[in-house]
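I have placed the structure first, in the form of structure tokens, so that the comments after it can refer back to it.
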Amino acid sequence: MRNPPSLALSRFFLPSLIRQAMLVILFGFSLTLTAHAQQPFYTDDADVTEYKHFHIQFNNEFDVLQRFDYPSLTQNTSALEVGYGLAKNLEVSVNGPLIGISNSRIITPRRVVGLGDIELQVKFNPIKEKEGSRMPALAATFAIEFPTGNTNKGLGSGLADYFVNGIIQKSVTKKTTLRLNGGILFAGNDTTGEIGIKTRGTAFVGGASVVKQFTPKLDLGIEVTGALTKTLHLDEGQVQTQIGGNYQLFKKMSLDFGIIAGKFNTTRLGVQLGCQIDF
């Protein structure tokens with residue numbers, strides 16, 4: 001889970017009425033915000049890597065930070081994730097970011113670069129969707145994030161994070177897929193560099209995405225993701241939306257892209273580009 005954009009864009013995004021609608025969506029469906037999963041989207045899918053095979057994702061996201069993050073201005077995050085099919089319907093993965101933060105000229109250093117926190121994750125997919133059945137695919141993940149990033153440089157949280165997430169995936173039509181997530185961060189916080197909720201403790205995170213296959217090679221979709229602390233105050237949480245998709249370059253390799261806009265403790269405006277490979 002991205003020079004300033006125009007002032008019009010930043011003021012346009014998420015007025016009061018839309019913020020309330022987002023809150024209803026997030027907790028009406030009990031949704032999750034996680035590390036990149038169904039790339040480029042943050043909403044995870046129910047699929048797991050095939051047994052004894054690898055799945056590799058690389059993503060670069062450039063973000064314009066919120067005004068309250070000043071004197072930090074922008075952040076670039078390059079993330080690599082490697083997943084392996086450990087058993088049938090069971091996947092293990094590891095991912096970690098390389099973070100670069102650009103600051104105002106009023107402080108030194110102007111730019112900070114380094115590794116962020118490393119995450120280990122296990123995903124189990126006990127129920128798969130079957131054609132003609134109303135039962136959706138179900139999956140669950142458990143993740144631990146280790147405080148490997150430098151806290152003095154703002155690259156790491158300094159906390160170990162423990163996260164559980166549930167996933168529902170259902171084909172609405174033959175070419176359209178709906179995904180809902182709902183999870184709880186039990187300890188730590190969900191920061192990646194300057195982005196994320198910095199409040200320590202329990203957080204409720206969620207996400208929903210709809211993706212449609214427009215051609216045999218091109219998928220496009222939209223998602224809403226967010227997080228709230230146990231105080232349930234929006235200004236202590238985060239809400240963001242993304243429009244993006246995938247273009248199948250080869251049978252087992254795709255190009256992933258997305259544009260993100262957010263409010264509160266997330267990016268103000270971001271763009272991302274990545275790829276994923278199966279072998």
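Things worth noting here:
- Accessible surface of residue 191, taken over heavy atoms with a 1.4 Å probe and every protein chain present, rounds to 20 Å².
- When 129, 194, 61 are compared by accessible area at a 1.4 angstrom probe, the order from most to least is 129, 194, 61.
- The count of lysine pairs in the range 158-274 with alpha-carbon distances below 14 Å, taking only pairs 8 or more places apart or on different chains, stands at 7.
- Difference of contour (0.36 nm per residue) and Cα-Cα distance, residue 173 to residue 255: 27.2 nm
- For the range 68-109: relative contact order, % (alpha-carbon pairs under 8 angstrom, 6 or more apart): 49 percent
- Highest-first packing order for the peptide set 160-173, 132-145 is 160-173, 132-145, based on the mean count of other beta carbon atoms within 10 Å.
- Highest mean packing comes first when the peptides 204-213, 86-95 are listed by Cβ atoms within 10 Å, giving 204-213, 86-95.
- Both radii were evaluated on the Cα set of the chain; the Rg over Rh quotient, with Rh as the Kirkwood radius, amounts to 0.95.
- Gain in span if fully extended, residue 54 to residue 134, counting 0.36 nm per residue against the direct Cα distance: 25.8 nm
- Extension gain, residue 248 back to residue 120 (0.36 nm per residue minus Cα-Cα distance, nm): 43.3 nm
- Amide N of the range 177-196 lying under 16 Å from the label point, which is placed 7 angstrom from the Cα of residue 230 along Cα→Cβ: 184-190
The values are calculated or read from the model by the stated rules, or taken from the named source; none is laboratory data. These numbers come from a predicted model, not from an experiment. FYI the Cβ positions are ideal-geometry reconstructions off the backbone, even for glycines, and counts take in every protein chain you see. Just the protein is used for accessible areas: all its heavy atoms, side chains included, with ligands, DNA and RNA removed. Shrake-Rupley method; radii C 1.70, N 1.55, O 1.52, S 1.80 Å.
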